[in-house]
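**Student:** Okay, here's the structure, questions in a sec.
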Amino acid sequence: MRMSNMLNLTMREVPAEAEIASHQLMLRAGLMRKMASGVYNYMPLGLKVLKNIEDIVREEMNKTGAQEFLASALLPAELWQESGRWYAYGPEMFRLKDRNNRDFCLGPTHEEVFTDIARQEIKSYRQLPLNLYQIQTKYRDERRPRFGVMRSREFIMKDAYSFDKDVAGLDVSYNKMHDAYVSIFNRCGLDVKCVEADSGAIGGSNSAEFMVKSEVGEDDVVFCTSCDYAANIEKAVTTAEKAEREELLETLKVETPDVKTIDDLVAFFHTNAKKFAKTLIYNADGKIVAVMVRGDRGVNETKVSNALGGVVELQMASVEQVEAATSAQVGFAGPIGLKVEELLVDNEVANMYNFIVGANKTGYHIINVNYKRDFEGTVGDFRNIEEGEKCPHCGESITISRGTEVGHIFKLGTKYSAPMGANFIDENGEPKALEMGCYGIGINRTMASIIEQHHDENGIVWPLSVAPYHVSIVVAVVKNDEQMKVAEDIYNKLRAMNIEVLLDDRDERAGVKFKDADLIGAPMRITVGKKISEGKVEFKLRNSSEVEVIGLDEVYNKISEEFKSNNIKL
């Protein structure tokens, strides 16, 4: 491609709306342009990168025996009503009606569609296992689109669905997809960690996320400092700190005027936060519930939602709701006499002795409270794990880092096949529900994550495997006939070798061209300048500061060697 003909306007200034490097550079390098909040148009340069990522995904998926498919993005409500998710999915779903007043949605995900295909087409165990995938645009009305394509309202996803006759078969399919994902992200040049994850609105027995460590990531990821344990903080299992055993003392109501927060209570009672259990009141889809955690701990709302059966909207209760549940002002909630539909008690609280809680009376707290003797509830793991706590696998300390999810794999089991009647006839002639798996990769988010990991102060540093152009040829002076002729010759020969080449034939200063070359980020740059009179050009790798002066006859071998060293066939 000749830059004089290319629809690509680079930007010198950082757009005010762009907060993170990938968003800034995707706009500055001309990869995309904003249409609306969370909605982008992809320019030719950006589309080439997306297609390169898609090609890698297709190659690795096809290696596993998966078959590509393309479903509609416009989905009838009836399918979602069958699975029970039409109302459960929440406000992220774009809903619309056709001219006949029938309900549809723009597909945020496609479990129902693929299950419907399976129940129509799969009749016998002889057709199993089967894996279908697609690469398609999804739509989610994000409450707060941000960070460019990291969280947008329209995005491209590769989603695959496996169908097996039993759980053992599902395990095989799941492991195949895990290995394929490792290959995909390795080929894309991404440093990715597979972590245990919560299944969220998709559901299923268990799942794993492929996370890119990132300071601007939207997820907290837990890593063990000794073993391979890693999990999204929503899923990370906590180990209850054992409280020192005490003789149970008699409860006593203590007046605590204007003392509401844990810090205030610690000062008032001359103790530490570990002697308190705080009670938080929530509105869970209209149901008023309470959660108890130790005074210095934070509630894990994902664990709470799962414990309540998969709540869609979990919010802190209003002042009025808290006062109705406690018969007191906010700040004095406790488990004794609390009027809620369910009380969830964290493991740690259930094993504490003689702790302090709110008295459900304004200006009062109760001391020497003990679980079982003074109140009861549903005991479980309802809190966030914290930096330095014990790993649930090996007992060593854990660390917490920010991360961005680029892929997610699920074991769905029969969550969709059973309610939707996606059955097959087994070896004994009996109908059985299909065992399903679901496997997604965010194509746009993968592109942004590559930029997050591969950039410097001058612009993008593309891995060779996904670069929109492998080589950038900069002509120092386009009005110099000799320079242009040599540049054209190199350009044409490289294209004949199936190498993507960008020829900067614009009548601009060399400095401007170098800046654009660095910004766009082609892995290799050839500069045709004044040394051409000696039969030499400059060769530079984008990820190196070293500039080599080489002979014209060395150019093609030099470039071929780069492909070879990156295990990419020409």
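**Student:** Which residue out of Gly395, Gly442, Gly363, Gly358 is out of contact with any Leu (no Cβ under 8 Å at 6 or more places or on another chain), of a type in the set (Gly, Ala, Ser) and under 30 Å from Ala21 (Cα atoms)? Lay out the reasoning, then the answer.
**Tutor:** Numbers: Gly395 fails: under 30 Å from Ala21 (Cα atoms); Gly363 fails: under 30 Å from Ala21 (Cα atoms); Gly358 fails: under 30 Å from Ala21 (Cα atoms).
Of the residues listed, the single one that is out of contact with any Leu (no Cβ under 8 Å at 6 or more places or on another chain), of a type in the set (Gly, Ala, Ser) and under 30 Å from Ala21 (Cα atoms) is Gly442.
**Student:** Tell me, yes or no, whether the stretch 503-514 has at least one residue that is in a helix (DSSP H, G or I) and either buried (at least 16 other Cβ atoms within 10 Å of the Cβ) or touching a Phe, Trp or Tyr at 6+ places or on another chain (Cβ under 6 Å) (or both).
**Tutor:** So far as the stretch 503-514 goes, yes, one or more of its residues are in a helix (DSSP H, G or I) and either buried (at least 16 other Cβ atoms within 10 Å of the Cβ) or touching a Phe, Trp or Tyr at 6+ places or on another chain (Cβ under 6 Å) (or both).
Residue-wise test of (1) within 20 Å of Glu218 (Cβ to Cβ); (2) under 24 Å from the mean Cα position of the chain (by Cα); (3) in the same structural domain as Val212 (by TED's automatic domain parsing).
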{"position": "Leu7", "(1), (2), (3)": "no, no, no"}
{"position": "Glu17", "(1), (2), (3)": "yes, yes, no"}
{"position": "Gln24", "(1), (2), (3)": "yes, yes, no"}
{"position": "Arg33", "(1), (2), (3)": "no, yes, no"}
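**Student:** Hey, among the residues in the stretch 140-150 that are surrounded by fewer than 18 Cβ atoms within 10 Å (Cβ to Cβ) and at pLDDT 90 or above, which one's nearest to Leu75 (Cα to Cα)?
**Tutor:** Restricting to residues being surrounded by fewer than 18 Cβ atoms within 10 Å (Cβ to Cβ) and at pLDDT 90 or above, the top hit is Asp141.
**Student:** Select from the stretch 382-404 the residues that are surrounded by fewer than 22 Cβ atoms within 10 Å (Cβ to Cβ), in contact (Cβ under 8 Å) with a residue 24 or more places away in the chain and charged (D, E, K, R) and list them in ascending order.
**Tutor:** Of everything in the stretch 382-404, those that are surrounded by fewer than 22 Cβ atoms within 10 Å (Cβ to Cβ), in contact (Cβ under 8 Å) with a residue 24 or more places away in the chain and charged (D, E, K, R) turn out to be Glu386, Glu389, Lys390, Glu396, Arg402.
**Student:** Additional query: Which numbered condition trips up Met436, out of (1) more than 18 Å from the chain's Cα centre (by Cα); (2) surrounded by 24 or more Cβ atoms within 10 Å (Cβ to Cβ); (3) not in a strand (DSSP E or B)?
**Tutor:** Here Met436 clears every test but (3).
**Student:** Now for a different question. Need the failing condition index for Leu170 against (1) within 30 Å of Lys48 (Cα to Cα); (2) of a type in the set (A, V, I, L, M); (3) part of a helix (DSSP H, G or I), just the number.
**Tutor:** (1)
**Student:** Condition first: under 30 Å from Val39 (Cβ atoms) and among the acidic types (Asp, Glu). Now tell me which residues in the stretch 409-456 satisfy that. Show your work before the answer.
**Tutor:** So the first thing to find is which residues in the stretch 409-456 are under 30 Å from Val39 (Cβ atoms), and the list is 409-410, 412, 416, 438-456.
Scanning the stretch 409-456 gives Glu452, Asp456.
**Student:** Would you mention how many residues in the stretch 309-363 are crowded, with 16+ Cβ neighbours inside 10 Å, free of Cβ contacts under 8 Å to residues at least 40 places away in the same chain and among the charged types (D, E, K, R)?
**Tutor:** Result for the stretch 309-363: 1.
**Student:** Continuing with this model, one more query. I'm trying to understand the selection: among the residues of the stretch 284-325, which are of a type in the set (A, V, I, L, M, F, W, C), assigned to a strand (DSSP E or B) and more than 19 Å from Ala350 (Cα to Cα)? First the steps, then the outcome.
**Tutor:** Step one: list which residues in the stretch 284-325 are of a type in the set (A, V, I, L, M, F, W, C), which gives 284, 288-293, 299, 304, 307-308, 311-312, 314, 316-317, 319, 322, 324-325.
Now drop any that are not assigned to a strand (DSSP E or B), which leaves 284, 288-293, 299, 314, 316.
Answer for the stretch 284-325, where residues must be of a type in the set (A, V, I, L, M, F, W, C), assigned to a strand (DSSP E or B) and more than 19 Å from Ala350 (Cα to Cα): Ala284, Ile288, Leu314, Met316.
**Student:** With the structure loaded, tell me whether Val466 is in contact with a helix residue (DSSP H, G or I) (Cβ under 7 Å, 6 or more places away or on another chain), part of a loop (DSSP other than H, G, I, E, B), under 25 Å from Arg151 (Cβ atoms) and β-branched (Val, Ile, Thr) or whether it fails that test.
**Tutor:** So Val466 fits the description; yes.
**Student:** Just the residues that are under 25 Å from Glu534 (Cβ atoms) and buried (at least 19 other Cβ atoms within 10 Å of the Cβ), please, taken from the stretch 449-477.
**Tutor:** Val471, Ser472, Ile473, Val474, Val475, Ala476
**Student:** Of the residues in the stretch 526-544, how many are of a type in the set (A, V, I, L, M, F, W, C) and assigned to a helix (DSSP H, G or I)?
**Tutor:** 1
**Student:** Here is a follow-up. Go through (1) closer than 30 Å to Glu112 by Cβ; (2) surrounded by fewer than 19 Cβ atoms within 10 Å (Cβ to Cβ) and name the single condition Val289 misses.
**Tutor:** (2)
**Student:** Please work out if Asn354 is out of contact with any strand residue (DSSP E or B) (no Cβ under 6 Å at 6 or more places or on another chain) and among the polar types (S, T, N, Q).
**Tutor:** Answer is no for this residue.
**Student:** Identify all residues within the stretch 220-238 that are of a type in the set (Ser, Thr, Tyr) and either assigned by TED's automatic domain parsing to the domain that holds Ala328 or buried (at least 18 other Cβ atoms within 10 Å of the Cβ) (or both); write none if there are none.
**Tutor:** Tyr229, Thr238
The values are calculated or read from the model by the stated rules, or taken from the named source; none is laboratory data. Everything numeric in this text was worked out from a predicted model, so none of it was measured. Glycine also receives a Cβ, built like all others from the backbone with ideal geometry; neighbour counts cover every protein chain displayed.
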